1. Inverting the mean 1/r over all pairs of different Cα atoms, compute the Kirkwood radius of region 36-80 and quote it in Å.
2. Picking from 51, 95, 4, whose Cα lies most toward the positive end of the charge dipole for the chain (charges on Cβ: Lys, Arg +1; Asp, Glu -1)?
3. To the nearest 20 debye, what charge dipole does the chain have about its Cα centre, counting +1 at the Cβ of each Lys and Arg and -1 at the Cβ of each Asp and Glu?
4. Could you work out the relative contact order of the chain, using alpha carbon pairs under 8 angstrom and six or more residues apart, expressed as a whole percent?
5. Counting only trypsin sites (Lys or Arg not before Pro) that are in a DSSP loop and have at most 11 other C-beta atoms within 10 Å, tell me the longest site-free stretch of the chain.
6. Please compute the per residue accessible area over region 1-142 with all protein chains in place, 1.4 Å probe, rounded to a whole number of Å².
7. For a quick check of your reading of the filter: which chymotrypsin sites (Phe, Trp or Tyr not before Pro) in region 30-116 sit in a DSSP loop and have no more than 12 other Cβ atoms within 10 Å?
8. Do the alpha carbons of any pairs in 23/73; 9/115; 23/54; 23/142; 23/61 sit beyond 23 Å of each other, and which pairs?
Amino acid sequence: HQMLVPDDKLRQIILAIDPTIRKYVFTASVRHHAARCLQALGIDDLFDGIIDVKDCNFETKHSVSSFHIAMNKASVTNVEECIFLDDSLTNILAASQVGWRSVLVGTTGRDCGKKVTSEHAEAEIERIHDIEKILPEIFMHKY
């Protein structure tokens, strides 16, 4: 989080999303670390909550059960209401197995540096800032 700086463009993108859509951060980290990162980015006030690894009984997002726990924590019963954005192919697979809409963010592997793709993702984008291109239906207005 010490290397993160406020991202005004990301803030505007999130603010342009339909305000009736609840937004959660689902992290494999602990809540306080995620909160510090969100604060450093200047977007900590834009989410309804953080669902962390402790909430998921220390199961990672590689585990289908963590997605069920996340839905319970967010009081969601319909998997079709869930859109998952992540940079991990394994996490995208787990989300798709539960029935969540999944978007791969980052098409260069963070560990291998090679091009990555996922047959389980509904869409793939290079950066989170490209979200409107693939999910225009969730936006109220252009940012």
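The values are calculated or read from the model by the stated rules, or taken from the named source; none is laboratory data. On a predicted model such as this, the values are computed, not experimentally measured, just so you know. Note that each Cβ is placed from the backbone with ideal geometry, even for glycine, and that neighbours are counted across all protein chains shown. All accessible areas refer to the heavy atoms of the entire protein, side chains included, with ligands and DNA or RNA removed. Shrake-Rupley method; radii C 1.70, N 1.55, O 1.52, S 1.80 Å.
1. For region 36-80, inverting the mean 1/r across all distinct Cα pairs yields 11.7 Å.
2. 4
3. Result for the chain is approximately 280 debye, rounded to the nearest 20.
4. Result for the chain is 22 percent.
5. 55-109
6. 58 Å²
7. Sparse-neighbourhood loop chymotrypsin sites (Phe, Trp or Tyr not before Pro): 58.
8. Distance filter (> 23 Å) returns 9/115.
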